[in-house]
Amino acid sequence: MTAVAEVNVYSAGQLSRRSSWFILLGGLVVSFVAFLLLMLAESTSGEPAEFNIVGAVLVGVLLYGVVLYVTSRLVEGRRPAMNRLVTTLVTLAFVIALLPLISLVFTVVVNGSARFDWAFLTETMRNVLGQGGGAAHALVGTLIVTLAATLISVPIGLLTSIYLVEYGRGRLAQAITFFVDVMTGIPSIVAGLFAFSLFAMLFGPGTRMGFAGAIALSVLMIPVVVRSSEEMLRLVPNELREAAYALGVPKWLAILKVVLPTSIAGIMTGITLAIARVIGETAPLLVAAGFTHNMNWNAFSDFMQTLPVFVYNSYVAQGTDAQAYLDRAWAGALTLILIVMLLNVIARLIARYFAPKNGR
Amino acid sequence: MTTTAGPAVKAPTKPISKQRVGDRVFSGSTLAAGSLILAVLAAVAAFLLIQGMPGIVADPETTSILRGQSFWEYVWPLVFGTLWAATIALVMAIPLAIGIALFISHYAPRALATVLGYIIDLLAAVPSVVFGLWGANVLAPASRTAYAWLEQHLGWIPLFAGPASGTGRSILTAGIVLAVMVLPIITAICREVFLQTPVLHEEAALALGATRWEMIRMSVLPFARAGIVSGAMLGLGRALGETMAVAMVLSASGVVTFNLISSNNPSTIAANIALSFPEAYGINVNVLIATGLILFAITLVVNSLARYIVNRRKEFSGAN
């Protein structure tokens, strides 16, 4: 009726949707101009100063947070202002977490591609000083050690999870559940020391071989397999088991023919992720499997090189041409990341395509 | 029509099921596998004890690695460094992880959240040796100017007393790398727990006029407290045992100091083993294994504590 009635009661006392973006833009512009002036002021007094882009962005975002809080507090009140501040902080936390990931992937790809060539994948480091050479021996070693670890861990882990879900009652099952959790927390280097001590007592002091590395990796891998398989087996509906028993199927056949096929996709996904976890382990292999420049196909004698140890060794023991060693380390890191990513993608594909049609 | 069971009706006896060979073999082998896990864990402790004992009682004069100190004098700076580095990592990682988990569970649009969760999981999949390489070659050089600035402007705080490390390989750098490594672990658990908050609690808070932050503070965070603690403890376990990243990033000299940015840093147990083990011989090997035993004991306590906290609050938290 009156002239003031034009005010929308629903949006009064609120900042408009776009105002936060304007404040962000404004904060960044002010900060960049300030840093530009600072740079000009410094460069007149001597050598040309560098433009501090990290500082500019940091100050800009800081400015944004403060200005947004103050404006919101004046316009909207204390509680919405607090809400906006927390939203800013939470988003900021996520952006900060992304920075190392982006930086890591970027540097590994850029530095790794220098030596990521055919020779790197097919040659060994035997008699190589400085340039050239490759990581074929390390790739072979990683494949052998990981395969052996998988062959040990999967049967033990899978059977244990079947015991926990289908058979285990009472004290023993509780103890196993608890100690599997404890085992998950064993530091990788302790697993390596265990394998080293075991083989030192069996075959004399200082025995290092690929198989010892596989034992160390198994200690790390078994609990992961148990936990993931257990979770998957528990997802199998009880009606399926009861239907099988009602048809007179013995328990072990019901598990083999009904429970396992229903959960096989999840179990395979878990195993693949477990492999991806241990394939990058360095410390236990450094301790238990040793390192060498030569190709070694036999897991039961002599030192065996693996890819993570190769990366570590190339980095710490740089020879005469340091850059060549560093390049090989980065190329090894790139190979490692590619393998791990590939395993993760495979795990996801398994989960998607082999999942039971009625499941979950 | 139906009558109650008279005395003439025999009490139902349990049907005698035939014990099949297959059943026995199968249940026996699953039991054996389960027991094997207990045996392996016992073996880990036993072998470390057997091989570590000579190291603990080793004669300081004849053991080259001890350099005349007793074993406990040798191991104390390492224990301190391990705890200190892990503390630095957790102080940075926990608030960030809670923030990220909240962002994924309550702030990001639903379609985006899945992708973002996957990206954070990718961080967990990166091998530690790659983190080490990145920390030593990218992060350490990049942090030199920041450390110099800290020394110049905040040098009056003992933590930043300096002199700032010329290489950037200080314990703060190692702590940052560790923080990045434990971040996805803590985030994953926090995210799970945040998503399990009863929707009715959240909607009730919003219906009472709470802002999003007030809803989170009143319904999500109290519900998730146990989950956050256990996630932090699991992250702590990982940070304590992490080897390669610290070994490659940190330049250690075995002192006990809280100084974050200088080039004189305490080493950690795991990194010390990785650096010294390849060249160790004789009794030195036993000394290193004994330090590993101590690391094992520390992580065992931390992990058991985490489990205890989770189990104690299991009924009303959903974090397990």
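The table that follows gives values for the structure above.
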{"item": "Highest-MSF residue in chain B out of B:Gly117, B:Gly168, B:Gly135 [GNM, Cα springs under 10 Å]", "result": "B:Gly117"}
{"item": "Net charge contributed by nearby residues that have their C-beta within less than 9 Å of B:Leu178 (K/R +1, D/E -1)", "result": "0"}
{"item": "³J(HN,Hα) computed for each position of segment A:246-252 - Karplus, 6.51 cos²θ - 1.76 cosθ + 1.60, integer Hz, glycine/proline x", "result": "5, 7, x, 7, x, 4, 5"}
{"item": "Net dipole in debye of chain B [+1 Lys, Arg Cβ; -1 Asp, Glu Cβ; about Cα centre; nearest 20]", "result": "1180"}
{"item": "Zero-based 10 Å bins, Cα pair distances in segment B:232-312, whole percents", "result": "17, 40, 32, 10, 1"}
{"item": "Two-site label geometry, B:Leu208 and A:Val33: point separation in nm, points 7 Å out along Cα→Cβ", "result": "4.6"}
{"item": "Dipole moment magnitude, nearest 20 debye, the protein assembly as shown about Cα centre, only Lys, Arg, Asp, Glu C-beta charged", "result": "2360"}
{"item": "Radius 15 Å from Cβ of B:Leu78, net charge of other residues (Lys, Arg +1; Asp, Glu -1)", "result": "-1"}
{"item": "Distance between segment A:162-215 and segment B:179-251 - C-alpha centres, whole angstrom", "result": "29"}
{"item": "Cα gyration tensor shape of chain A, rounded if a/c is under 1.5, else prolate or oblate by comparing a/b with b/c", "result": "oblate"}
{"item": "Chain B - percent relative contact order, Cα under 8 Å, separation 6 or more", "result": "27"}
{"item": "Debye log10 I(q)/I(0) at q = 0.07, 0.08, 0.09, 0.15 Å⁻¹ for chain B, Cα point scatterers", "result": "-0.42, -0.53, -0.64, -1.23"}
{"item": "Residue with peak Gaussian network fluctuation, chain B [Cα springs, cutoff 10 Å], from B:Ile189, B:Ile283, B:Ile171", "result": "B:Ile283"}
{"item": "Using a Förster distance of 41 Å, the FRET efficiency for A:Val249-B:Ala39 (Cβ separation, nearest 0.05)", "result": "0.80"}
{"item": "Cubic angstrom per residue, convex hull over Cα atoms of the protein assembly as shown", "result": "244"}
{"item": "Percent of C-alpha pairs per 10 Å bin, segment B:266-309, short to long", "result": "26, 42, 22, 9, 0"}
{"item": "Gain upon complete extension [B:His201, B:Val91; 0.36 nm per residue less C-alpha separation]", "result": "36.6 nm"}
{"item": "Cβ-placed point charges (K, R +1; D, E -1), dipole of segment B:161-227 about Cα centre in debye, nearest 20", "result": "260"}
{"item": "GNM flexibility winner over chain A from A:Val57, A:Val259, A:Val278 (Cα, springs under 10 Å)", "result": "A:Val57"}
{"item": "Viscosity 1.002 mPa s, temperature 20 °C, Stokes-Einstein D of segment A:70-180 from Kirkwood C-alpha radius, µm²/s", "result": "104"}
{"item": "For a label point 7 Å along the Cα-to-beta-carbon line of B:Arg225, residues of segment B:82-109 with backbone N under 18 Å", "result": "B:95, B:98"}
{"item": "DSSP loop chymotrypsin sites (Phe, Trp or Tyr not before Pro) with at most 15 other Cβ within 10 Å: longest gap in chain A", "result": "A:52-296"}
{"item": "Mean separation of Cα contacts under 8 Å (6+ apart) over length of chain A, as relative contact order %", "result": "20"}
{"item": "Inter-label distance for A:Asn238 and B:Glu61, nm, one decimal - labels placed 7 Å from Cα along Cα-to-Cβ", "result": "7.0"}
{"item": "Cα centroid separation - segment B:120-167 against segment A:221-238, whole Å", "result": "39"}
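Quick note: the coordinates plus some simple rules give every number you see, no bench work behind them. None of the values given here were measured: they were computed from a predicted structure. Cβ atoms come from the backbone with ideal geometry, glycine included; neighbour counts cover every protein chain shown.
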